[in-house]
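The block underneath contains the structure these notes are about, expressed in structure tokens.
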Amino acid sequence: MYDRFSRKIDYLRVSVTDRCNLRCHYCMPPDGIKLLPQKEILNFAEITEVVRTAAGAGISKVRITGGEPLVRRDIVTLVKMISSVPGITDLGMTTNGVLLEHFAEGLADAGLMRVNVSLDTIDPLKYSEMTGGGDLNTVKRGIRAAVDMGLTPVKLNCVVKGSSVNPDAEGVALFAKENGLQVRFIRQMDLESGEFSIVEGGEGGDCRKCNRLRLTASGMIMPCLFSNVQYSVRKLGVVEALRQAVNHKPRCGSLNSQNSFYNIGG
Ligand code: SF4
């Protein structure tokens, strides 16, 4: 499917939860958030129906996000359901890696193809500070497990302030090089002020070539991360919500004052 600006829309990012087991300072408030009531979160059948309908309309790439997707109960079952949808040729996940060691084999068996792991520093103390208590070694073991299970290429998402020329980012780049991983630098974004830029080493943030839609955990299809426009699959039905989202996809992002990264999935 194509939008009004002749951009091919073939990528759907699916947020499966607003919950997370870390508290990264630029994403989740230290005291946590007001969680979505369970009944507002799409169940597996609803998520799979959105993916199936989207695949029928031309979506071929799906990325599972959160919050932290691996805290969603039975996540391996959902991966299996999505990977069995005809037309989905690229199925990935963005995770903070904390539970990856435990889930890597099950995810690979269920049909997941690759993972992006959030990693902003390889300094264990700084990592713990930045994430509100995360253990870097657990994440490193998770990355190793993902490589061993063939969830490759493993890409590291490294959030930077301003530029990637700083000790933390350079440390992550070296770690990636030493372990045969890829790294992308994501400049810290601000939804409310509309501050964003093109991902260094990736595709995100380039509005001219934007190919993506987002599904939030509460069933909103968003044509753009930096926009308040969203369509409810529960209210409109999946076909109509998708159609409206593609037809109202803005030429470029502006700002988003209604959502947060933890409930959109970045
Ligand atoms: S700001 Fe919106 S249009 Fe631009 S790249 Fe991001 S999602 Fe696409």
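Say we join alpha carbon atoms closer than 10 Å with springs in a Gaussian network model of the chain; which of D31, D74, D206 then has the biggest fluctuation? Of the options given, D31 has the highest mean-square fluctuation.
Volume per residue of the convex hull around the Cα atoms, evaluated for the range 85-130, comes out as 82 Å³. Counted over all Cα-Cα pairs of the chain, pairs farther apart than 22 Å make up 53 percent.
Considering only V154, G204, S6, whose Cα is most displaced toward the positive end of the charge dipole of the chain, charges sitting on Cβ of Lys, Arg (+1) and Asp, Glu (-1)? Farthest towards the positive pole: S6. Across the range 212-266, Cα-Cα distances exceeding 18 Å account for 23% of all pairs. Largest accessible area first, the residues Y231, Y11 order themselves as Y231, Y11 under a 1.4 Å probe with ligands, DNA and RNA left out.
For the chain, the longest principal axis of the C-alpha atoms and the axis of helix 136-148 are separated by about 60°.
When K155, K209, K235, K140 are compared by accessible area at a 1.4 angstrom probe, the order from most to least is K235, K209, K140, K155.
When E200, E192 are compared by accessible area of protein heavy atoms, the largest-first order is E192, E200, using a 1.4 Å probe. Computed over neighbours whose Cβ is under 10 Å from that of R4, the net charge equals +2, Lys and Arg +1, Asp and Glu -1.
On the chain, 52 percent of the accessible area sits on carbon and sulfur atoms, based on a 1.4 Å probe. Dipole check for the range 136-220: with +1 at the C-beta of Lys and Arg, -1 at the C-beta of Asp and Glu, and the Cα centre as origin, the magnitude is about 280 Debye.
For the range 23-40 versus the range 80-107, the spacing of their alpha-carbon centroids is 23 Å. Computed over the alpha-carbon atoms, the range 103-152 gives an Rg to Rh ratio of 1.05, Rh here being the Kirkwood radius from the mean inverse distance. Expressed as a whole percent, the proportion of Cα-Cα pairs in the range 1-53 lying more than 12 Å apart is 75%. Count Lys and Arg as plus one, Asp and Glu as minus one, and take only other residues whose Cβ is under 14 Å from that of L156; the net charge is then +1. From its DSSP helices (H runs of at least four residues, each -39,500 (n - 2.57)), the chain gives a residue-normalised ellipticity at 222 nm of -9000 deg cm²/dmol.
Once the Cα-Cα distance is subtracted from the 0.36 nm per residue extended length, the S254 to R234 segment shows a gain of 4.6 nm. Using a probe of 1.4 Å on the protein chains alone, the accessible area found for L35 is around 80 Å². Principal semi-axes of the equivalent ellipsoid, √(5λ) from the alpha carbon gyration tensor of the range 20-139, are 28, 17, 12 Å from largest down.
Where does helix 100-110 land angle-wise versus the long Cα axis of the chain, in degrees 0 to 90, nearest 10? Here the helix axis deviates by roughly 40 degrees. If both residues of a DSSP beta bridge must be in the chain, then about 20% of such bridges are antiparallel. Here the translational diffusion coefficient of the range 117-266 follows from Stokes-Einstein with Rh set to the Kirkwood radius across Cα pairs; for 20 °C and 1.002 mPa s it amounts to 126 µm²/s. For the chain, the Cβ-based charge dipole about the Cα centre amounts to some 840 debye (Lys, Arg positive; Asp, Glu negative; other atoms uncharged). Average accessible surface for the chain: 45 Å² per residue, computed with a 1.4 Å probe over protein heavy atoms with every protein chain in place. Considering only I33, I122, I88, the Gaussian network model of the chain with Cα springs below 10 Å gives its largest mean-square fluctuation to I33. Computed from phi, the 3J(HN,Hα) profile of the range 66-81 under the Karplus parametrisation 6.51, -1.76, 1.60 (θ = phi - 60°) reads x, x, 10, x, 6, 8, 6, 4, 6, 4, 4, 4, 5, 4, 4, 5 Hz, with x in place of Gly and Pro.
The values are calculated or read from the model by the stated rules, or taken from the named source; none is laboratory data. Please read these numbers as outputs of a predicted model, since none were measured by experiment. Because the Cβ atoms are built from the backbone with ideal geometry, glycine has one as well, and the counts that use them run over all protein chains shown. Only protein heavy atoms, including side chains, enter the accessible area calculation; ligands, DNA and RNA are left aside. Shrake-Rupley method; radii C 1.70, N 1.55, O 1.52, S 1.80 Å.
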